[in-house]
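*Asks:* What follows is a single structure, and I will ask about it in a moment.
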Amino acid sequence: MNDKSTTHFGYKEVDSDAKASLVAGVFHSVAARYDLMNDLMSGGVHRIWKRFTIELSGVRPGQSVLDIAGGTGDLAARFAGIVGAEGRVVLADINESMLSVGRDKLIDQGYQGNLEYVQADAQYLPFPDNSFDCVSIAFGLRNITDKDLALRSMLRVLKPGGRLLILEFSKPTNALLGKAYDSYSFRVLPVMGKLVAGDSDSYQYLAESIRMHPDQETLQEMMEDAGFTNCEYHNLTGGVVALHRGIKA
Ligand SMILES: C[S@@+](CC[C@H](N)C(=O)[O-])C[C@H]1O[C@@H](n2cnc3c(N)ncnc32)[C@H](O)[C@@H]1O
């Protein structure tokens, strides 16, 4: 039985207390080149996955949205455009380097007024109960030490009827695609990371952490165990990525 005193950092087993600073090292290192690497690694397809997330969120003008592990702000920017001046979007991330790249980018793009930036840990969200109509987390859950704790924290800050959207790497549904994806992840990504971001280890961690992340069904069960209802998921790009959605009753 896992007593949660150890956890995984990629394929390595580490003390649970050590994981957050190892993850912090990854994102401090890649922050400046994060957006460029995302476009290169996914051939721009991450933009389609994020657009689908926005569509399924059902967010409307005037609503309040928390984008946790929001990083460089792709989702937060789209949400800010939808909720408008009467709405509120909080871009929250634990990592000051990612948050600062995100804040600078969104200010340069002209987003202001309805966007706030908060440095926060998804496991201990610093917001009152029932604050948000929608909480999103894109490619963040994988990096969090105690995912159950984070899911319960997200449930707490959602209003009744509010939606949680989790966009995350998942398990390819086709074995052939899985093989091709494995060799791309382990052979190409670390080299690309070295050339573009000057850091191959962080992209090795990316490939490993994806394999250690719960698959589609397991994550859905975790959401149900945390108290979400009407949980469902959509496979994207053959299950390379999945979008999970759950509701707070
Ligand atoms: C792969 S990036 C995703 C950024 C953005 N959501 C996107 O889709 O491009 C993962 C983000 O999760 C953040 N993160 C990791 N652990 C976290 C935690 N415990 N609480 C909040 N954010 C966390 C990292 O700092 C990083 O910015």
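*Asks:* Got at least one residue in the range 126-138 being outside any strand (DSSP E or B), aliphatic (A, V, I, L, M) and closer than 19 Å to MET154 by Cβ?
*Replies:* So far as the range 126-138 goes, no, none of its residues is outside any strand (DSSP E or B), aliphatic (A, V, I, L, M) and closer than 19 Å to MET154 by Cβ.
*Asks:* Check whether at least one residue in the range 111-132 is on the phi < 0 side of the Ramachandran plot, loosely packed, with under 15 Cβ neighbours inside 10 Å and modelled with pLDDT under 95, and report yes or no.
*Replies:* The initial filter retains those residues of the range 111-132 that are on the phi < 0 side of the Ramachandran plot, namely 111-112, 114-129, 131-132.
Subset that is loosely packed, with under 15 Cβ neighbours inside 10 Å: 112, 116, 119, 124, 126, 128-129.
With the extra rule that they be modelled with pLDDT under 95, the set shrinks to 112.
Checking the range 111-132: at least one residue is on the phi < 0 side of the Ramachandran plot, loosely packed, with under 15 Cβ neighbours inside 10 Å and modelled with pLDDT under 95.
*Asks:* Determine which member of the set PRO172, PRO190 is in a loop (DSSP other than H, G, I, E, B) and in contact with a helix residue (DSSP H, G or I) (Cβ under 8 Å, 6 or more places away or on another chain). Steps first, answer last, please.
*Replies:* Details: PRO190 fails: in a loop (DSSP other than H, G, I, E, B).
Exactly one residue qualifies, and that residue is PRO172.
*Asks:* When both residues are 6+ apart or on different chains and their Cβ atoms are under 6 Å apart, which pairs have a first residue that lies in the range 156-169 and is at negative phi, and a second that is polar (S, T, N, Q)?
*Replies:* From residues that are at negative phi, the pairs are VAL157/SER131; LYS159/ASN130; LEU165/THR53; LEU165/SER57; LEU165/SER136; LEU167/THR53.
*Asks:* Could you check how many residues of the range 83-93 are in contact with a Ser or Thr (Cβ under 9 Å, 6 or more places away or on another chain), over 12 Å from TYR111 (Cβ atoms) and among the hydrophobic types (A, V, I, L, M, F, W, C)?
*Replies:* Count: 1.
Let's see how each residue does on (1) closer than 18 Å to ASP199 by Cβ; (2) within 12 Å of the ligand (Cβ to nearest atom); (3) assigned to a helix (DSSP H, G or I):
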| position | (1), (2), (3) |
| --- | --- |
| LEU40 | yes, no, yes |
| TRP49 | no, yes, yes |
| VAL59 | no, no, no |
| GLY71 | yes, yes, no |
| GLN112 | no, no, no |
| GLU116 | no, no, no |
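*Asks:* Would you mind finding the one in ARG152, ARG78 that is in a helix (DSSP H, G or I), under 27 Å from VAL240 (Cα atoms), more than 10 Å from the ligand (Cβ to nearest atom) and in contact (Cβ under 8 Å) with a residue 60 or more places away in the chain?
*Replies:* Working: ARG78 fails: in contact (Cβ under 8 Å) with a residue 60 or more places away in the chain.
Only one candidate passes the filter, namely ARG152.
The values are calculated or read from the model by the stated rules, or taken from the named source; none is laboratory data. Only a predicted model underlies this, so the values are computations on that prediction, with no experimental measurement involved. Using ideal geometry, Cβ is built from the backbone for each residue, glycine included, and neighbour counts are taken over all protein chains shown.
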